[in-house]
Amino acid sequence: MKHHKPSKLILFFSHLRDFLVGEFHFWTKTLRWLLMTILIAGVIGGGVAAIYMYNFIISQQQYSVYDLPLALPSTILDSKGRELYTFFDERRVLVSYDAISPLMIDALISAEDQDFWNNDGFDPRGIVRSTVVTLRDRWENGFLGYSQGASTLTQQIIKNTVVGKEKKLTRKLHEIIHAWLLTYNTYAVNKQFFSGNSAKIWQKSKEDIITYYLNSTFFGNNAYGISEASRIYFDTTPTELTLQQVAVLAAIPKSPYYFDPYRYKDNIVGNRQISIDSKAPVSINQTEYGHLFTDMIVTGYSLPDTAQDITTLLPVFSGTTTDEEGATHHRFINYSPGRKDYVIQRLWQDKKITLDEALLAIITPMEFHPKAEVVNSIQAPHFVHYIKEEILGLKDLGITEQELAQGGYTITTTLNLDTQQELERIVTSHNDSAYKLGATNRALLVTNTKNGEIIGYVGSKNYYNTAVDGQVDLIRRTRQVGSTLKPLIYAYGMSQYPLGLDTIIRDTKTNFGGYIPNNADGAFRGNIKLKNALAGSRNIPAIKMFNALGGTATFIPWFQSLGMKNLSSDSEYGLSMALGTAPISMIDLAQGYSHLSDQEHVGIIHGISKIIDSQGMIVYEHADKAYERKIPLGVARLITYITQTASFAPAYFRDTVNVPGCPSCASKTGTTNTKVKGKNVARDGWLVTYNPDIMVIARAGNTDASPLAKSAYGYNLNTLLRNDVIRYLKEQGLTSEDSDRSYPLDQTISRKGQGETYKYTINTTLPSTVRNKL
């Protein structure tokens, strides 16, 4: 009868039992109890450790690869989808697993995590191996000795996103646990959403993990992710990478600084030298090496599959050369391998490439795309910064500046880049004419009066001109706007009282409680009709209208209701506010004038059309939001009629009022002043022109508010520029022939459904409280 020997495991437990119960009498009783104590303590300690591990695991946030943060740039686009600017902390473009060369995947795994497809996020054998190597080296060299890592790709993801890089045992333990959890949770998510056997789901989970790694990893030189790295180093895409290129990109993450192809090229691609007849080698450049390589004879190499260093095949005999005396010499290539060669060797050892492919990739010279300075080009720069502030100001959305740089938003704007660039050109073409009148800078704002969309936004004549502080946005910087406020003051009066075009206002020298203003020309016209007072931009009638209607107590809240947000309720502007002395931005001025448009609804001026998040969801869209109309349509048309009729204005204003090719356009100028040696001198010149389609606001002056020439006014600073802008907008169809209409003097302005009827001459008696102040 045949007997089978008990297994070694059974024998071990049998001997352990005999020892613990006393059958091995040669052991002393003391030693036996000591070992029993150690064993019990070990069991208890293991139990405590297991409980700790369990509690730690259940207390941690459970991550799948889909939950990990990944900083993505946010891009501002024009209305046609063209990039204006990209905000980023880490500029990257996400790519899918299928868009990455399979050789890139193989190179990364061969170099960094050979058991990636099978491991659970960590490699127990690698941990043991690295521990033995590290302890051995530090035993020999002290604590300054070599430390070998054993981090899998999954652990590297966890280190960069969850636990950090602090060199502590507890941190390493947490890294391993989280790497396992990440792998498990990614598999669990895929199991919920994908059908198929467990092997296919596991494969999908691993593909997603390595795709995240390649999209998130830093490759040096501001290259975040495999797409940017491919573009920056090789001017290609991840799909088109060659063997040499994948070897380089798989090598860089080990140390992006030390393996920088531009700074330390030899470290990553190796160093090649030539020696003649085995003499001392001499370095050669890429061109010389290329000539040698064309006639190189690579023969006689044979290397077993178990070889540890493929570069032992080098130096390679590369032919012969003849000197001037006719002697023949042998040439050899001497090669010092770089990190890329390690990756190539690992690919060969893993049987992903042949030996011929490996050798050729090692010894062939490499070319890199020339290093370029990291320039984040910007189109329409002032507009881009305005859009940024608009995004941060969307309280319901709650996007922070950090989220804008990392959240991967796509912001589509109202601006057409072609139109913007032409408007910038027009502004530049009129710099000389402004300079002759003392103005070194300009700004131009163009909006759609129907819906408030910004069409053009030129914040200065040149964003990069430091001499004029070109980066200062004159569109958003508040400044006194001069007489451009007068149409809004008269509009309020006409909406409250039966004022007509022919209502008489006294243009006489007046003392308003110690404030004695003057007209720009220093003269007084006596009794003057309202239409002539407004068209001629007379100061005294405007101040009287302002005062009669309640002054700042009335107009500050009313201007604010028009959307002029910059005005402060606490400021003491006084009656001079009627002359535009309150600081107002061009945006706010345009919003106020939008209430004079020939539209039932007053569009909110805006530059953002919609915002899409990184998942493709629309998180904000500018609906047809509107302000409540504060100026009745009939009044708006009366004001428009006055400011588009040249015969109401003085002769020197008429070229400004008559807009070539646009009879429907209404215009109002403004000039602000400063004191120079006790005399008023112009500081800024303004011109507002609008019709039912578009609004154009031009401003000329100096960024530092220094005075202009004595002959500078809003009309002669801006009229020619405005004419060119209107001409271009008509050519582009942004204002149509349908808008070229004016209102005959004998026509009663009315609009069905509005209940408003305004005649140009109203004979109704004004209340004495108003009449006496005019």
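The values are calculated or read from the model by the stated rules, or taken from the named source; none is laboratory data. In this text, all values refer to a predicted model and were calculated from it rather than measured experimentally. Reconstructed Cβ throughout: ideal geometry from the backbone, glycine too, with neighbour counts over all protein chains shown. Keep in mind that these areas ignore ligands, DNA and RNA; they rest on the heavy atoms of the full protein, side chains included. Shrake-Rupley method; radii C 1.70, N 1.55, O 1.52, S 1.80 Å.
I'd like the chymotrypsin sites (Phe, Trp or Tyr not before Pro) in segment 161-241 restricted to DSSP loop residues with at most 14 other Cβ atoms within 10 Å, sorted by number. Working shown, then result.
Details: sites: 180, 184, 187, 193, 194, 202, 212, 213, 218, 219, 224, 233, 234; in loops: 194, 219.
Filter output for segment 161-241: 194.
Mind listing which trypsin sites (Lys or Arg not before Pro) in segment 466-562 are in a DSSP loop and have 12 or fewer other Cβ atoms within 10 Å? Walk me through the intermediate numbers first.
Values: sites: 476, 477, 479, 506, 509, 525, 529, 531, 538, 544; in loops: 476, 477, 509, 525, 538.
Sites meeting the loop and neighbour criteria: 509.
Just need the relative contact order of segment 525-578 here, percent rounded to a whole number, with Cα pairs under 8 Å and 6+ apart. Mind dumping the intermediate values first?
Working: 23 pairs, mean separation 20.0, N = 54.
Relative contact order of segment 525-578: 37 percent.
Between residue 527 and residue 560, what's the calculated FRET efficiency when r is the beta-carbon distance and R0 is 51 Å? Round to 0.05.
Values: r = 34 Å, r/R0 = 0.66.
The formula returns an efficiency of 0.95 here.
Over the C-alpha atoms of segment 379-524, what are the Rg and the largest Cα-to-Cα span, Dmax, in Å?
Reported Rg and Dmax, both Å: 21.1, 62.
Stretch residue 184-residue 336 to full length: gain in nm at 0.36 nm per residue minus the Cα-Cα span? Write down the numbers at each step before the final one.
On the way: separation 152, 0.36 × 152 = 54.72 nm, distance 4.23 nm.
Using 0.36 nm per residue and subtracting the Cα-Cα distance, I get 50.5 nm.
First measure r as the distance between the Cβ atoms of residue 467 and residue 96, then evaluate 1/(1 + (r/R0)^6) with R0 = 45 Å and state the FRET efficiency to the nearest 0.05. Numbers along the way, then the final one.
Numbers: r = 49 Å, r/R0 = 1.08.
Efficiency, from the Cβ-Cβ distance: 0.40.
Would you mind checking 486/531; 565/610; 450/668 for any pair whose Cα atoms are more than 21 angstrom apart?
Details: 486/531 12 Å; 565/610 23 Å; 450/668 19 Å.
Beyond 21 Å between Cα atoms: 565/610.
Given H placed 1.01 Å from N in the peptide plane, which residues other than close sequence neighbours of residue 520 have an amide H under 5 Å from its amide H?
Residues meeting the criterion, in which the H sits 1.01 Å from N, are 539.
Which number comes out as Rg/Rh for segment 567-689 once both Rg and the Kirkwood Rh are worked out on C-alpha atoms?
Details: Rg = 18.9 Å, Rh = 17.7 Å.
Radius of gyration relative to Kirkwood radius: 1.07.
How about segment 372-459: which GluC sites (Glu not before Pro) there lie in a loop by DSSP and see at most 14 other Cβ atoms within 10 Å?
Numbers: sites: 373, 389, 390, 401, 403, 422, 424, 453; in loops: 373.
When the GluC sites (Glu not before Pro) of segment 372-459 are filtered for loop state and at most 14 Cβ neighbours within 10 Å, 373 remain.
Summing Lys, Arg as +1 and Asp, Glu as -1, what charge do residues with Cβ under 15 Å from the Cβ of residue 80 carry, residue 80 excluded? Intermediate results must be reported in sequence, preceding the final value.
Working: positive: 82, 610; negative: 78, 83, 418, 422, 453.
Result for the local shell: -3.
Full extension from residue 392 to residue 681: what is 0.36 nm times the residue separation minus their Cα-Cα distance, to one decimal in nm? Provide the component values of the computation, followed by the final result.
Values: separation 289, 0.36 × 289 = 104.04 nm, distance 3.89 nm.
Between residue 392 and residue 681, full extension yields an extra 100.2 nm.
From the phi of every residue in segment 345-356, what ³J(HN,Hα) in whole Hz does the Karplus formula 6.51 cos²θ - 1.76 cosθ + 1.60 yield, where θ is phi - 60° and glycine or proline is x?
Result, rounded to whole Hz: 4, 5, 4, 5, 5, 8, 6, 8, 9, 8, 5, 4.
Counting pairs of alpha carbon atoms under 8 Å apart in space and at least six apart in sequence, what relative contact order in percent does segment 641-687 give?
On the way: 54 pairs, mean separation 13.4, N = 47.
29 percent.
If N is the number of residues in segment 420-748, what value comes out of its Cα radius of gyration divided by 2.2 N^0.38 Å?
Values: Rg = 19.1 Å, N = 329, 2.2 N^0.38 = 19.9 Å.
Segment 420-748 yields a ratio of 0.96.
Any chance you could tell me what percent of the C-alpha pair distances in segment 342-443 go past 23 Å? Before the final figure, lay out each step's value.
Numbers: 3244 of 5151 pairs.
Summing the P(r) tail past 23 Å for segment 342-443 gives 63 percent.
Counting only heavy atoms of the protein chains, get the accessible area per residue of segment 383-512 (1.4 Å probe) and round it to a whole Å² value.
On the way: 5070 Å² over 130 residues.
Normalised by residue count, the accessible surface of segment 383-512 is 39 Å².
So, with +1 on the Cβ of K and R and -1 on the Cβ of D and E, and no other charges, what is the size of the charge dipole of segment 456-545 about its Cα centre, to the nearest 20 debye?
On the way: 12 positive and 5 negative charges, 31 e Å.
Dipole of segment 456-545, to the nearest 20 debye: 140 debye.
With labels modelled as points extended 7 Å from the Cα through the Cβ direction, what inter-label distance (nm, one decimal) is found for residue 429 paired with residue 239?
Distance between the two pseudo-spin positions: 4.3 nm.
Just to check I understand the Karplus step: with θ = phi - 60° and J = 6.51 cos²θ - 1.76 cosθ + 1.60, what whole-Hz values come out for segment 599-615, glycine and proline as x?
Per residue, the Karplus-derived 3J(HN,Hα) values read 10, 5, 10, 9, x, 7, 5, 7, x, 9, 8, 7, 10, 10, 7, 5, 8 Hz.
Net charge around residue 122, counting only other residues with Cβ within less than 11 Å of its Cβ (Lys, Arg = +1; Asp, Glu = -1)? Mind dumping the intermediate values first?
Values: positive: 125, 172; negative: 113, 115, 120, 123, 175.
With Lys, Arg at +1 and Asp, Glu at -1, the neighbours total -3.
In whole angstrom, how long is each semi-axis of the equivalent ellipsoid of segment 57-119, when you take the square root of 5 times every eigenvalue of its Cα gyration tensor and sort them from largest down?
On the way: eigenvalues 200, 87, 19 Å².
Semi-axes, largest first: 32, 21, 10 Å.
Run the numbers for residue 265 and residue 623: contour at 0.36 nm per residue of separation, minus the present Cα-Cα distance, in nm.
Details: separation 358, 0.36 × 358 = 128.88 nm, distance 5.41 nm.
Working it through step by step, the gained length comes to 123.5 nm.
What list of ³J(HN,Hα) values in whole Hz, one per residue of segment 559-570 in order, does the Karplus curve 6.51 cos²θ - 1.76 cosθ + 1.60 (θ = phi - 60°) give from phi, with Gly and Pro shown as x?
4, 4, 5, 6, x, 8, 6, 6, 5, 9, 5, 8
With no solvent and one equal point scatterer placed on each C-alpha of segment 490-622, evaluate the Debye formula and give log10 I(q)/I(0) for q = 0.11, 0.17, 0.19, 0.21 Å⁻¹, two decimals.
-0.50, -1.00, -1.19, -1.35
Can you compute the charge dipole magnitude of segment 420-748 about its Cα centre, using +1 on each Lys and Arg Cβ and -1 on each Asp and Glu Cβ, nothing else charged? Give it in debye, rounded to the nearest 20.
Working: 34 positive and 28 negative charges, 262 e Å.
Computed about the Cα centre, the dipole is about 1260 debye.
Taking amide H positions as placed in the peptide plane 1.01 Å from N, state which residues far from residue 507 in sequence (5 or more) or on other chains have amide H under 5 Å from it.
So residue 507 has HN proximity to 525, 526, 527, 528.
Can you give me the relative contact order of segment 420-748 as a percent, contacts being Cα pairs under 8 Å and 6 or more apart?
Numbers: 649 pairs, mean separation 73.4, N = 329.
Relative contact order for segment 420-748 comes out at 22 percent.
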